[in-house]
Every structure is written in structure tokens, then in C-alpha cells.
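As C-alpha cells, the structure follows; a few thoughts come after it.
The values are calculated or read from the model by the stated rules, or taken from the named source; none is laboratory data. Owing to the predicted nature of the structure, the values given are computational and were not obtained by experimental measurement. Don't worry about glycine lacking a Cβ; one is built from the backbone with ideal geometry, like all the others, and counts go over all protein chains shown.
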Amino acid sequence: MAESTTYADMDTQLVVFKLGREDYGVGILQVQEIKRIMDITRVPNSPDYIKGVINLRGSVLPVLDLKKRLALPPADYTDDTRIIIVKVEEITVGLIVDGVSEVTTLSSANIEPPNTVASGVSGQYLSGVGKQDDKLLILLNLATIVGVGADSVKAV
Amino acid sequence: MELNQYMGMFLEESREHLQTLNSCLLTLENDPRNLSVLDEIFRSAHTIKGMSATMGFTSIAELTHEMENVLDLLRKEQLAASPAIIDTLFRCLDTLEQAVESVAANTEATVDIKPLVAKLTKLAGDKGQEEALPARKDKKAKAAAKAAEPAATAQAAAGTIALNDTDVKVIKEAARQGYAAYEVQVKLRDGCLLKSARAYMIMNALDELGDVIKSVPSAEDLEKENFDYSFTVVALSDAEPEKIEQALLSISEVEAVTVLPLTSPEVVPPAAAAQAAAAVEEAGQPLAAESAAPVADALAAADKRLRGGQSVRVDIDKLDTLLNLVGELVINKTRLEQIGLSHHLIDLTETIEQMDRVTTDLQAVVMKVRMVPVGQVFNRFPRMVRDLSRDLNKEVNLIIQGEETELDRTVIDEIGDPLVHLLRNAIDHGVESPAERTAKGKNPVGEIRLIARHEGNNVIIMVTDDGAGVNPEIVKAKALEKGLLTQAEADKMDTADAVRLLFLPGFSTAQVVTDVSGRGVGMDAVKTKIESLGGMVDVETKVNGGATFKIRLPLTLAIIQALLVKVCEEIYAVPLGSIDSTINITPGDIKTIQNQEVILLRGQIIPIVRLGDFLGVPQAAQESQEELYVVIVHMGEQKAGVIVDTLIGQQEIVIKSLGKLLASIKVLAGATILGDGKVALILDVGSLMH
């Protein structure tokens, strides 16, 4: 988990994506691939932020509605909508995002710990905030988002 | 660390040797004078010791070392294999097992070996004290003879190796069986790290080609890396010297190998071997006579190894991947079939038919590869039965048949616990105490049979005892008392059904709750587990005539037949094994009992479930349909009718896991991928019953 939680003493490569008007980033080492939106099968009795499951070359993977998880207002899917496939502690999941913009490198000096910034995103899902030029990048803690960390997913 | 690559091998081999130790020790317990079993025990213990020392697991090595001391005394008949000793050895095995598993789990080994080591030392000391000196020398000579631990005549590895009388005898004996003796000089590359691992690999390679009877420096010194870059080994083999040379040169970091045939075994032991020779003399005559037998054994074993070398050990993950890929292929084939059909491409359809045959064969082969003999589960039971019958002061003889019967690995992994339960029940409730059995005119030793066999597409596993059997009247009375059924129901019930009440949740006939069984969760848990594996369990019994529990299991779980159904836009798969029938009804056929919707089917009241509502399918169409499709499913004795919008059809599906994140969702048994690439979810029929 080193690549997602500690940004100390090294440059970090991030995949930058959009949720609404905000820019977010996850460590590139955790990203496996980026897919266009595809058929998603709804899973009954699952938490509301789990959009469903997809068929990724024969494996069945859960897909998270990232905006719902972060309590952001929903939006319709567009041509830019993507599923970012990430691997967190042996669990591979897809994250639905409004669009993937770029891969960027941030030095640790430009990353603030999460508690210094107030944001719409509740603190536990953050691992920091990065500054690049005049843009702010919200860095996500995938372990808590996927639910393998402190609060694991419970069926409702 | 380079040692990591040996970790898998270490764990696997340790487990195998522990299993061997367990079963050999059981044999020894029944036949304390069986020296060839002792030899095998010694060999296995020694191998574990060697491996663990090489891997740096000192506590395992230390414990096995102490075990060896005791085993050695047993082997020399200076100590009798008393129950106390056997018990201690069993406890050692348990501890070793824990230690190995903690290594596997990658937790720092914190298994406390001190009490056992103390106990072993005491056992060895009791006997060994007065004869400490001869015993030790004797050990050396003996070990040399048995090739387990070459005589500690550590001598510089230069020139011809020192052979003592015993070695010579072994070599002569081997020659008679067509095995030639070779002196193998091995030189490792200068600066080779992990010398002991290399030495271990060389010894392994030689073991595969024949038998190592001696090494200079000793095996122990090789393990501890107490040597320069070269060592010499005397090996017996029926392979060509060139072949040996090649086999060893293929091991990395081996610089040079010289294989010299030892044509004249009458090599006079040089001075350095005098000590060992003296020890042989001291050990006396029995040793000489004895040495022939174990060697013959060892040679037979080596021979078997040579011939049995036709199999390959494969990581189970690779097999899973292979199965997944074949599953993929099946899915794509279905997709092609659909394309062929919808575009009326006759050529394509014909080709696909051929492809269909190949994929079906391929699938069958992959399934077969994943099959493992049930013996893998059965082989831990003799030990368990022994311990248990002893705790309960009963005498039980366990007979195992058909351990070569093969089952899918997934089933094998799951079947252990239910069988443990059935066996425990058989010992605790089934088999009576020896006194009681004698009074009934039975053999005081009870008999439990564990039988596996094929029956069509199923595997049957039976647990049979010749004990007291199950009394249907007592079962009925108990069930009544617990409120599990009404008097009227009980009166109507026939004997077989009454006995089946055992499987009801919350039922236990044990008068006293014991450690072993009688917590009222037993048979219910067994039944649930077996059914979750797609199997069935039933019981047949006669009062005083014993009981037979019969488990029927499908051969495989990974690919099943399923009925695809549609609710609004969502498609679900229902395993065909749990479907009774499908019927059409009109809305008027649905009645309600206490707000629960039911239908009457051939005089039986069946609760119904509207799948759309049950799964919260968005906008479940409630428009009044003239005709409703109902799938009647069952789980054990319970039935339910599931209302769906459309029946799509029957199809072979490949079961995929939903993964850790969604594992807690009870209504689903997994997922599958349909011909069009979409994911369909598989219903867990059991969850519909509540």
C-alpha cells in the first residue's frame, strides 16, 4: 500500500481524472487499465455505491460509482465517462469517473496532508491534496474507498 | 532472498512427510515391533530436519532432531514403543504441523517446542543414560548403514572416500539388485552463495537417480555449510555414470562433477574410518543382519521413484487459470454459435460444431486434471479416529475404502469438515463402549467404514458404523420435545423420515453435551454444507444394526447446467440441480396464508417468491399478466416457487466468483458470463427459502 498512502521523498506519478468540476488523482501503480463505459450488471442487495459488475476479459469485477461513494452529485454518462480499473490489496475493482485527463508527476513537496484542506470529500477517503500550477489535485485513498481498510463493505 | 524459491517446495514436502509420519506412527502403534516402519519414520523425520535446517527454521529442526534421538533408541530396540512414547511423538507431529503452518502463514514461528523437547530428552535420557557411550557409537554405525546420516568420519574430501564394513555390505547388497556404487565428487563454483541449498539439490538429484549412502563431509556438515566448495558422495544407482554427471551439472553453480564407479567394494577402510568400524563391532551382530532389509527397502523405494517419475507437480493456481481460459473458450464458442445462427452462415455453423467437440473434450480433460483423490482428505482420519476413540474409551477400527476416488479440488477442500462431523458422531453416538458391545454379543471392537466410490456423474461417500444405530422413536420424541414437529406429523411419519429429523436445525440426541458432539448444530451443519456443494446426504439405520450416512456429491462445481430467467431487463441463472419443474399459473392461482403468497401444486402448499421484488429489480413490471412463469426450486425438503417474467432456456454456465468485495451478498451464489459477454448473476436458491 506504500504507493497510495505515502508520498514522502519521491516524485509520484498520478492518473488524473475528473469528477464533476474537480480534479482527482490516484497513484499510477495502482491503475491497471482504463476502459470505456460498458455493460454493467446490477448486483441486488449490494451497497448503493456499488454500481454492479462487469466482464473484464472473463473476470467478473465489481464497479464502484465513485461519485456516489464520495457523496458528489450524480451526472449522466457521456462519451468521456471511463472506468478506471484499479488494484487495491489484491482486490481489483473498477471506478466510474467523468473523464480521464492526463498522467502527471508531482513531487512530494507539492503534496499537503489531507487534514489541512477542507473539501467536499470526507476525510477518510483522502490521502492528500496536490498542487500543480494553479490546479488542485485531490488524492484518493483507495483502500478506504474500496472498503478493504477500516470500514469494509457490508451487505444491506 | 533466494531461499524463497524453495519455500513452496519446503512446505509441500514437509506436509507430505508429516502425513507419512502420522500414518507410519499409527502403524507402529498397532505393531510396535515393525522396524521397517520405524525406518520410514526416521527417514521422514530426518528429511524434515534437513530441509528445515537449510531453510533456517531452527525450532522445527531442533524438535525433529530430538525426535530422531528417541526414534533411534526405538530402532535399536533399546526403548520399547510404549503408548506414552507414541503419544509424545504424536504430539511432536502436531507441534511440527503447527510450526510448518505458521511458516506457511508467514507469521514468525512462535510455536513453543520447549516442553516437548524436554520430554523427548527425558525419554531418550531414561534409557540412554546408562548406555550413553555405546549408544552413541552404535548410532553412528547404524546411521551409516541406513544412509540417513552418514558416519561422522568427517575427513578431508580428498582422494577416495573412506568406507566402513557396513557401507561395503550395503554396496554388495545393492550390486546384487543391479545397482552400481559410484563415488561422486562435486565441486561448486567458487564464491557460490547458499552452498547448503546447492548441496541439498545435488542430494535430491542423486536421490532421484538412486540412493545416497554416504557423504564426506557428513550430511549435517553439508547442511551447516561446513565445507569448502567441494564434497564427495557415495551413491547407489542403476543409471549410467554419464547420466548422473549430466543431472548434476544441470544444477546451477556446480562447476565440476566426477563420477567414479566403485567396482571393488572391498575398499579397505583407511584409518579415519577406524572409529566407525570400531562402533560397528561394538554394535554387534544383529546390526549386520539387519542392514540388508532396510537397504532392500530403500532400493525398492528408489525403484518406485524412478518409475513413478511420470507426473508433474503443478501449482493449483495455474490449473484454475487453465480452467478459466477453457471457460472463456466455451463462452466465445457460444457467441460464435449465435452469430452463425442469426446470420444463417452454414459454413460457420458446421465449423463450430467441430469446435464444439474439441472444446467439450478439452473441458473434460481440464476437469480431470483438477481432480484429486479423496485420499487427501481421508488420510488424516485414522489419526483422528484413534485419538477420539481413546478419549471416549472405545475401541474402533477404521476401514477406508476407495481413497483413490477422484473429486474436484473445490469439493475436496470443503468435504473435510462434514466428514469429521460424521465420523465423530459415529464414534461418539454410534459405536458403543466395549462392555456394552460384549453384552450385545458384538465384537468389542467397533468398526467404522469410510467408503468412497463413483456412481454415474456423482461420487458417493459413505460413513458406516456397526454401532447402536438410530432409534426412530427416540428421534421423534426428541423432536416433539423440542417443538420441531407436531404430534400429528409425528404419527404419520415413517421410520426413514423420522430418522431424517436428525438433520433438522437445533436437533441433538446426545444425552450429555460432550466435547465431541451433541451441540445440536452437527447434522444440520453437515447437511447445509453438503447441499451448498450441490450434494445430498441421507441416512439409513437399524436399531443395534449401525447407521450409514450416505453423501452424494457432483463430480465438479465449476461448470453447471442452469436455467436462465429474465426479470424485467435483468437475467439470472438458477442452477438446474435445484429446480424441480417450471409451471405456468394465472394470477388467480395465488392464495395467501398469513400474508404469505402460496400456490397449491399437486396437493402441496408451496410459498412463492416474486423474484423482481425479492431482488429489488427496478420498475418490476406489476402489470397484470395473464400467465405467470413459476420455477419450482428446492433445497433439501423445502420448496419454493419463484415467479419470473420469462424463461430464456437451459445453458451450461461457468461459475465465476463475485470476489471478496461482494462475497457477503447472500442471495447470490456467483456470476457467469453469457454468450453476449454480459454478466449474469447466479441465484443462491437456499436464500429464497427464508
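Scanning the range A:51-73 for residues that are touching a helix residue (DSSP H, G or I) at 6+ places or on another chain (Cβ under 7 Å) and at the interface with another protein chain (Cβ under 7 Å from one of its Cβ atoms), which turns out surrounded by the most Cβ atoms within 10 Å (Cβ to Cβ)? The extreme case among them is A:Pro62.
Of the residues making up the range B:39-61, just one is polar (S, T, N, Q) and free of Cβ contacts under 8 Å to residues at least 24 places away in the same chain, namely B:Thr58. Among the residues in the range B:40-57, are any polar (S, T, N, Q), part of a helix (DSSP H, G or I) and farther than 27 Å from B:Val212 by Cα? Scanning the range B:40-57, I find no residue that is polar (S, T, N, Q), part of a helix (DSSP H, G or I) and farther than 27 Å from B:Val212 by Cα, so the answer is no. One residue alone among B:His65, B:His17 is closer than 25 Å to B:Arg386 by Cβ and in a helix (DSSP H, G or I), and that residue is B:His17. Here is a list: B:Ser291, B:Ser311. Which entry is within 30 Å of B:Leu209 (Cβ to Cβ), in a loop (DSSP other than H, G, I, E, B) and either at pLDDT below 85 or among the β-branched types (Val, Ile, Thr) (or both)? One residue alone meets the criteria, B:Ser311. There is at least one residue in the range B:204-214 that is at pLDDT 75 or above, out of contact with any helix residue (DSSP H, G or I) (no Cβ under 9 Å at 6 or more places or on another chain), surrounded by fewer than 17 Cβ atoms within 10 Å (Cβ to Cβ) and assigned to a helix (DSSP H, G or I).
Take the conditions (1) over 26 Å from A:Lys87 (Cα atoms); (2) surrounded by 21 or more Cβ atoms within 10 Å (Cβ to Cβ); (3) within 13 Å of chain A (Cβ to nearest Cβ); (4) modelled with pLDDT of 85 or more; B:Phe614 misses just one of them, which is (2). Here the condition is being among the acidic types (Asp, Glu) and under 30 Å from A:Leu56 (Cβ atoms); of B:Glu637, B:Glu569, B:Glu626, B:Glu597, it holds for B:Glu569 alone. Test of understanding: among A:Pro74, A:Pro47, which residue is of a type outside the set (Asp, Glu), free of Cβ contacts under 8 Å to residues at least 12 places away in the same chain and in a loop (DSSP other than H, G, I, E, B)? Sole residue among the options that is of a type outside the set (Asp, Glu), free of Cβ contacts under 8 Å to residues at least 12 places away in the same chain and in a loop (DSSP other than H, G, I, E, B): A:Pro74.
From the list B:Ser36, B:Ser14, the one residue that fits, being more than 22 Å from B:Gln376 (Cβ to Cβ) and in contact (Cβ under 8 Å) with a residue 60 or more places away in the chain, is B:Ser36. Tell me, yes or no, whether the range A:14-34 has at least one residue that is within 7 Å of chain B (Cβ to nearest Cβ) and either modelled with pLDDT of 90 or more or part of a loop (DSSP other than H, G, I, E, B) (or both). Within the range A:14-34, none of the residues are within 7 Å of chain B (Cβ to nearest Cβ) and either modelled with pLDDT of 90 or more or part of a loop (DSSP other than H, G, I, E, B) (or both). Taking the range B:624-690 as the region of interest, the strands (runs of 3 or more DSSP E) fully inside it that hold 3 or more residues being more than 9 Å from chain A (Cβ to nearest Cβ) and free of Cβ contacts under 8 Å to residues at least 60 places away in the same chain are B:628-635, B:638-644.
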